[in-house]
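As structure tokens, the structure follows; a few thoughts come after it.
The values are calculated or read from the model by the stated rules, or taken from the named source; none is laboratory data. Here the structure is a predicted model, which is why all the values come from computation and not from measurement. Cβ atoms come from the backbone with ideal geometry, glycine included; neighbour counts cover every protein chain shown. Note: areas computed on protein heavy atoms with side chains; ligands, DNA, RNA excluded. Shrake-Rupley method; radii C 1.70, N 1.55, O 1.52, S 1.80 Å.
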Amino acid sequence: MSKTIRAGVMGWPIAHSRSPALHGHWLRRHDIDGSYIALPVRPEDLPAALRALPKQGFAGVNLTVPHKQLALDIVDRVDPVAARIGAVNTVIVAADGTLDGTNTDAYGFIANLRQGAGDALARYLAGPAAILGAGGAARAVVVALCDAGVREIRLVNRTRANAEPLAELARQSGADVVLIAWDVRADALAGAGMLVNTTTLGMQGAPPLDLALDALPGAALVHDIVYAPLITPLLAAAQARGNPIVDGLGMLLFQAQPAFEAWFGIRPSVDADLRAAVLAARV
Ligand code: ATR
């Protein structure tokens, strides 16, 4: 008799996660005897919830706010990319019931850029990358860009103290780093090959990102990791002046790909059907 493979996403709150729709689509597409559910877990309950996974038949879970950093101290092994990012977004139950922690966000970011930019990616990476924000998402973006070979990173963040550890991460990962104050953020754009917004500005319910794009080269790629709305005011402004753009939904879709493969044994594809299914999900 086959045994249903279980997986899910732990967060607090978790009701608005799109991950069940995403993994559910792949489970149906590949006709897998598996399930993927939203698991509301309070931060204080995370150690017990993770430890209980093997005996509950789970192959693993994704972690979202506020668990990604906490999990570093709970899992049995943290792989190098999760250690560099400083967060675990995917837990895999090993055959002996121990827990591996990894992070697929950097992969998700670069795989999405590669799909959106195609052969032009090397050209975008050749110029300095201007990155707005220094939170958890920015750490994954910095790791991904440095590993893909970017030479210079211009970090722009409202709070300088928060940008400093990220600057150190970028230097350790082989990039030159320039820190730019939030008040003069447009200074990051001259000659840039790429602009990435990792702040929450422009998200539904958040203030818009106030940034004049005049100094940005017309050939620079503009990427916003915000995906609600899909076309943020930043992406609309970039598109209007002819810059190539990549929206943020793909990062969410691609970060799920290696996790799904680790749990369910099939590497699923990210395509238009999946995008439509995830966008249509009522969350
Ligand atoms: P995530 O983990 O999704 O990246 P986060 O860790 O809360 O989220 O980071 C949010 C980022 O958006 C931070 O860089 C934050 O800047 P600070 O380090 O100064 O807090 C940035 N951010 C949020 N609201 C902002 C605002 N109103 N103006 C400028 N930056 C803002």
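Table for the structure above
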quantity: Protein-only accessible surface order, largest first, of E44, E164 at 1.4 Å; calculated: E44, E164
quantity: Point-charge dipole on Cβ atoms (K/R +1, D/E -1) for the chain, about Cα centre, debye to 20; calculated: 360 debye
quantity: Ranked order, V283, V61 - accessible area, probe 1.4 Å, largest first; calculated: V283, V61
quantity: Whole-percent carbon and sulfur share, accessible surface of segment 72-192, 1.4 Å; calculated: 48 percent
quantity: Proximal charge balance of F109 [Cβ under 13 Å; K/R count +1, D/E count -1]; calculated: -2
quantity: Between 0 and 90°, nearest 10: helix 105-117 axis offset from the chain longest Cα axis; calculated: 60 degrees
quantity: Interchain or long-range residues, amide H under 5 Å from N157's placed H; calculated: G133, I180, W182
quantity: Charge context of R84, other residues only, Cβ under 13 angstrom, K/R +1, D/E -1; calculated: -2
quantity: Percent RCO, i.e. relative contact order, over segment 205-283, from Cα pairs under 8 Å lying at least 6 residues apart; calculated: 23 percent
quantity: Acute angle (nearest 10 degrees) that the helix 249-264 long axis makes with the longest principal axis of the chain, alpha-carbon atoms; calculated: 30 degrees
quantity: Relative contact order of the chain, pairs being alpha-carbon contacts under 8 Å that are 6 or more residues apart, as %; calculated: 17 percent
quantity: Largest-first ordering by accessible area, 1.4 Å probe, given options Y227, Y36; calculated: Y227, Y36
quantity: Accessible area per residue, Å², the chain with all protein chains present, probe 1.4 Å; calculated: 44 Å²
quantity: Around V75: net Lys/Arg minus Asp/Glu count, Cβ-Cβ under 15 Å; calculated: -2
quantity: Under Karplus coefficients 6.51, -1.76 and 1.60, residue-wise ³J(HN,Hα) of segment 124-138 in Hz, glycine/proline x; calculated: 5, 6, 6, x, x, 9, 8, 10, 9, x, 9, x, x, 5, 5
quantity: Under 5 Å, built H, 5+ apart or other chain: amide partners of V9; calculated: I37, A38, L39, N62
quantity: Distant-in-sequence amide H partners of A228 (H built 1.01 Å from N, under 5 Å); calculated: Q204
quantity: Angle between the chain longest axis and helix 160-172 axis [Cα atoms, degrees, rounded to 10]; calculated: 80 degrees
quantity: Mean-position separation - Cα centroids, segment 192-235 and segment 106-121, in angstrom; calculated: 17 Å
quantity: Three-way shape label, segment 142-271, alpha-carbon gyration tensor, a/c 1.5; calculated: oblate
